[in-house]
Amino acid sequence: AQSVAQPEDQVNVAEGNPLTVKCTYSVSGNPYLFWYVQYPNRGLQFLLKYITGDNLVKGSYGFEAEFNKSQTSFHLKKPSALVSDSALYFCAVSPRGSASKIIFGSGTRLSIRP
Amino acid sequence: DVKVTQSSRYLVKRTGEKVFLECVQDMDHENMFWYRQDPGLGLRLIYFSYDVKMKEKGDIPEGYSVSREKKERFSLILESASTNQTSMYLCASSFRGGGTEAFFGQGTRLTVV
């Protein structure tokens, strides 16, 4: 079965420190990979995506993600966390040839302390 | 900006009622999706549609149906609401084709009592 795993329910980081939010997937072929963010009482917003090419993808708000094919991972990173980064983050995959079906992980709550 | 609009932010319905959740997008997207979001479970796909009158079941279609009579509108129907359908419902849309990101509405928090 196709699935996306976010192994950490919550990640706590001090402001100014680097952050990583982990994501692994189990999807055949070479899926498209996404990260979305959800701020309180708001809908999901697109952050970044991996289609092909460079394994390091840059996105909005200073976030980047590293694709690792051998480990089937797509971890979200930021060099220096801000308190305003505190939110719920979702990893998602879209299998190629799937009429754009998108499968989401369970989400990771990121908490940045001042 | 892309706009995906869900008709209600909050709804309270009684068990057994037929419930309609409406979603409209203004970007001429071919794909539209309905997800439900529950704590610890993330977003689970209920149904998606890749064209007018076309639909495919997602992971949890039981107890739901959908309608897409016009390209911009995608309706989710709870045939007979039950308390286990209390949840946050999110509508999304995207262009057809690989690797296109989805745009989400604000969500409808449905409570079934």
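The values are calculated or read from the model by the stated rules, or taken from the named source; none is laboratory data. Keep in mind the model is a prediction, meaning the values are calculated, not measured. So basically every Cβ, Gly included, is an ideal-geometry build from the backbone, and we count neighbours across all protein chains shown. In case anyone asks, the SASA skips ligands and DNA or RNA and just uses the protein heavy atoms, side chains included. Shrake-Rupley method; radii C 1.70, N 1.55, O 1.52, S 1.80 Å.
Across chain A, the mean sequence separation of Cα contacts (distance under 8 Å, 6 or more residues apart), normalised by length, yields a relative contact order of 37 percent. All other residues whose Cβ lies under 15 angstrom from that of residue A:29 are scored, Lys and Arg at +1 and Asp and Glu at -1, for a net of +3.
Please compute, for peptide B:50-61, the average count of beta-carbon atoms on other protein chains lying within 10 Å of each residue's beta-carbon. Don't skip to the answer; put the middle values down first.
Values: counts 4, 1, 0, 0, 1, 0, 3, 0, 3, 4, 0, 0.
Averaged over the peptide's residues, the number is 1.
Mean separation of Cα pairs under 8 Å and 6 or more residues apart, divided by the residue count, gives the stretch B:4-96 a relative contact order of 37 percent.
Compute for chains B and A the buried accessible surface, both sides summed, probe 1.4 Å, and express it in Å² to the nearest 100.
Interface between B and A: roughly 1700 Å².
Pairs of Lys residues in chain B are counted when their Cα atoms are under 13 angstrom apart and they lie 8 or more places apart or on different chains; the count is 4. Leaving out ligands and nucleic acids, and using a 1.4 Å probe, what accessible area per residue does chain A come to in Å²? I get 46 Å² per residue for chain A. Remark: the protein assembly as shown carries a charge dipole of roughly 240 debye about the Cα centre, counting +1 on each Lys and Arg Cβ and -1 on each Asp and Glu Cβ. Of the peptides B:41-47, B:6-12, A:27-33, the ranking by mean beta-carbon count within 10 Å, highest at the top, reads B:41-47, A:27-33, B:6-12.
In the stretch B:65-113, comparing the full protein assembly with the chain on its own, the residues that lose 50 Å² or more of accessible surface at a 1.4 Å probe are B:99, B:101, B:104. GNM on chain A, C-alpha springs below 10 Å: top fluctuator among A:84, A:73, A:94? Ranking A:84, A:73, A:94 by mean-square fluctuation puts A:84 first. Taking a Cβ cut-off of under 15 Å around residue A:2, the surrounding Lys, Arg, Asp and Glu residues balance to a net charge of +2, with basic ones at +1 and acidic ones at -1.
Just to confirm, what accessible area per residue do you get for the stretch B:43-113 at 1.4 Å probe, in whole Å²?
Normalised by residue count, the accessible surface of the stretch B:43-113 is 44 Å².
The accessible surface of chain A, taken with every protein chain in place and a 1.4 Å probe, is 47 percent carbon and sulfur. Among residues other than residue B:87 with Cβ under 11 Å from its Cβ, the summed charge is +2 (Lys and Arg +1, Asp and Glu -1).
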